[in-house]
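Below is one structure, written out as structure tokens, with a few remarks after it.
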């Protein structure tokens, strides 16, 4: 059951203000988190990132209301996906925001029908470019149409997901995840300045790299770098660390490197320390 604007609703049809800027202008942000056995993985990191996104968009996040919503929708001992959506709230016609914002919060929880962790995927190089000059390229904003269109294009070409380059032809991200590269003892991921969201899984992997003997690095990456890499992954809160088996016409064998296995093991251990559950044991 979704929680909206202070109330838990039994139906998916909710009352909604038709002047809401999230509906009319995409003026809002969201966050998606993994829930294992009723506990949110990296809860603090998710809520901190969402609050920062709201500040960037010019309105506050009511942390207490979010806590109440989470308590209302998350079911004990259930694995699932939690989505928190926050809009700027109602406003006058035009682009100018209201002088006194009244943000609206929508929180929903969906049980996992299948475990999405570590599943291999293929990437279609999208013709749509990620605009690294836009602040929204580093936010999970409600304007997600580039990702929707790129994903549809990728599926039409027989791929699982799309890979975005930015306007400088550097690798940015997948539609719903960060790119992580293993090459010659280094764990490399594109910097935020290349139009990248600060993913929670991305942050965890950078922290854990040295634990498994890898040198963490945030630097620009090209398609040639991906072709030459020992392994390429997509990391996000639900997939965790998905090996990429094809990028356009370039085949990438499923990595068997011991460092890859060690990185996955370290990630799962960190998740267990955070929420009490190892995703490999589900």
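A few comments on the model shown:
- Cα convex hull volume per residue for the range 3-111 (Å³): 91
- In the chain, helical runs assigned H by DSSP with n ≥ 4 each contribute -39500 (n - 2.57); averaged across all residues and rounded to the nearest 500, the mean residue ellipticity at 222 nm is -8000 deg cm²/dmol.
- Here the extension length gained between residue 261 and residue 113 equals 50.8 nm, from 0.36 nm per residue of separation less the Cα-Cα distance.
- The average projected area of the range 97-164, computed from the convex hull of its Cα atoms over all directions, is 7.2 nm².
- At 1.306 mPa s and 10 °C, Stokes D of the range 121-281 from Kirkwood alpha-carbon radius, µm² per second: 101
- The angle separating the long axis of helix 145-156 from the principal Cα axis of greatest extent in the chain is about 50 degrees.
- Using alpha-carbon coordinates, inclination of helix 63-73 to the longest axis of the chain, degrees: 80
- Across the alpha-carbon set of the chain, the Rg to Rh ratio works out to 0.97, Rh being the Kirkwood radius.
- Take every Cα pair under 8 Å whose residues are at least 6 apart in sequence, average their separation, divide by the length of the range 80-135, and the relative contact order is 35 percent.
- Contact order normalised by residue count of the range 38-158, Cα under 8 Å, 6+ apart, percent: 22
- 0 to 90° range, to nearest 10: angle between helix 43-57 axis and the chain longest Cα axis: 60
- Packing, as the average of other Cβ atoms within 10 Å across residues, places the peptides 245-256, 113-124, 193-204 in the order 193-204, 113-124, 245-256, highest first.
Only the coordinates and a few stated rules stand behind these numbers; no lab work does. Small disclaimer: the values here were computed from a predicted structure and weren't measured. Don't worry about glycine lacking a Cβ; one is built from the backbone with ideal geometry, like all the others, and counts go over all protein chains shown.
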